[in-house]
Amino acid sequence: LAQTGYFTPQDHPALVLVVFHQYITLMRRLQTEYWLEPAGSHGVWGLDDYHFLPFLWGASQLTEHKYIRPKSIRNEEVVAAYAKDYMYLECIKFINKVKTGSLVEHSPMLVDISGVRNWSKVNEGMIKMYKAELLGKLPVMQHFLFGTLIPFIPTNTSSLEHDDDGDDHHHAGHQHHNHHVGKFFASSSPSPPPDSDRMPQSCMCALRVPAAFAASSEERPRKFHLGLD
């Protein structure tokens, strides 16, 4: 619709903050109500099991905020107070609601990103990651409907390939996939996050700042398989 001129740039904020937000709200309800299993989750080494764009646009929404910083996602009081107003914090609140343990345990990639100095850098990294990990992946884009409005332009097929598990980072007997983060987020400080003393000390490697920015169901219904991006 944007390509045809039906929507203008002036409509974009409302499309994201109203229309898209309503869509995400509905998707989360379906995910929790029917316990939907994600089709291609990266587990703890992904932003979220189901969605990416709420993080990208959520970071953009916070770019000019005077007080909320990327590290604020580690403050439960800030997340609880402002999740209703900011999409990125709402993502964090939902993840904390549906997953057990601390943020550093179930979402180390998000903790890594929280070490970036400002939201502009987070947003830049999110855009790079979206292009590489979604738009640049054949398993995702093979389902995209190209046409006259959005034509398919052939490119080098070597850039459209499956994830390579051969580069996984091994440390202390377990695997880390933070090479995915390192491609998009540049370290802003070599020191660990300020509240690292409250985080598990068994594996502090999850606290590194990423490298192109400068982580009882018996009563539930049976699982359904559904891919939601």
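Key figures
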read-out	value
Candidate lysines - alpha carbon under 16 Å from LYS97, same-chain residues fewer than 8 apart omitted	LYS84
Computed FRET value (nearest 0.05) for HIS65 with LEU1, which takes r as the C-beta separation and R₀ as 25 Å	0.25
Full-stretch length increase - HIS143, GLN10 - with 0.36 nm per residue and alpha-carbon distance subtracted	44.9 nm
Distance violations [Cα-Cα > 23 Å] among LYS71/LYS183; LYS99/LYS121; LYS71/LYS93; LYS66/LYS121	LYS99/LYS121
Where GluC sites (Glu not before Pro) fall in DSSP loop in segment 3-101, at most 16 other Cβ within 10 Å	GLU64
Gyration tensor verdict on segment 1-127 (Cα atoms; rounded if a/c is under 1.5, prolate if a/b is larger than b/c, oblate otherwise)	oblate
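No value in this document is a laboratory result; all are computed from the given coordinates. No experiment lies behind these values; they were computed from the predicted model shown. All Cβ positions, glycine included, derive from the backbone under ideal geometry; neighbour counts span all protein chains shown.
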